[in-house]
1. Going through the cross-link list LYS60/LYS143; LYS79/LYS125; LYS41/LYS125; LYS105/LYS143; LYS41/LYS105; LYS91/LYS143, which pairs have a Cα-Cα distance over 20 Å in this structure?
2. Just the C-alpha atoms of region 33-151: what Rg/Rh do they give, with Rh taken as the Kirkwood radius?
3. For region 73-80, in order, what is each residue's ³J(HN,Hα) by Karplus, 6.51 cos²θ - 1.76 cosθ + 1.60 with θ = phi - 60°, in whole Hz (x at glycine and Pro)?
4. Express in nm, to one decimal, how much length is gained between ILE68 and ASP19 on full extension, taking 0.36 nm for each residue of separation and deducting their alpha carbon distance.
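Rule-based calculations on the coordinates, nothing more; no lab input. Please read all numbers here as calculations on a predicted model, not as lab measurements.
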Amino acid sequence: MLCWTPHGKKQFSIIYFDDEAEEELISCLKDMNNADFGIIKDNLGRLRRLQEKVYITLNKVNYELVPIEYIEKGIAVTKIYKHLVEKGHVKRDSIIERFAELIYKVASDNGAHTPYENPDYPPTKYTVQAVTYALLDLLLWFKKVCDDKTI
């Protein structure tokens, strides 16, 4: 899914995403080692948006995977990943279930929304790396589901 040439040219694409989503993923990958708190927050916000785009696209691929009521008035990410497990599309206690929750909670609490003032433990570049790698696994699962539209 991900390959860079020695000359730095982009050699991959996320078939089911638009160019904006691909650029957001590339930004996360490029900046995931940056320790600047502003960059960390930006990356976590991007990661949450990418997860939301996964679920919006799944609705378009197969509305039974992500029913419209979970996306029409804002993306109900928690309801979506719980629905996927309850309906058997994602195995309970699997990597994908756990990563879906991790991505959403960490990215929301520390990137998309303003964290509490002076958190006991603010996010670090390692937080971004962990969430980025979790998202990459979610993207591999997402590609498999999209490729096999019978699910």
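1. Values: LYS60/LYS143 13 Å; LYS79/LYS125 28 Å; LYS41/LYS125 10 Å; LYS105/LYS143 22 Å; LYS41/LYS105 13 Å; LYS91/LYS143 17 Å.
Pairs exceeding 20 Å: LYS79/LYS125; LYS105/LYS143.
2. Numbers: Rg = 14.6 Å, Rh = 14.7 Å.
So for region 33-151, dividing Rg by the Kirkwood Rh gives 0.99.
3. Listing the rounded values in order: 10, x, 7, 8, 4, 4, 4, 5 Hz.
4. 15.3 nm
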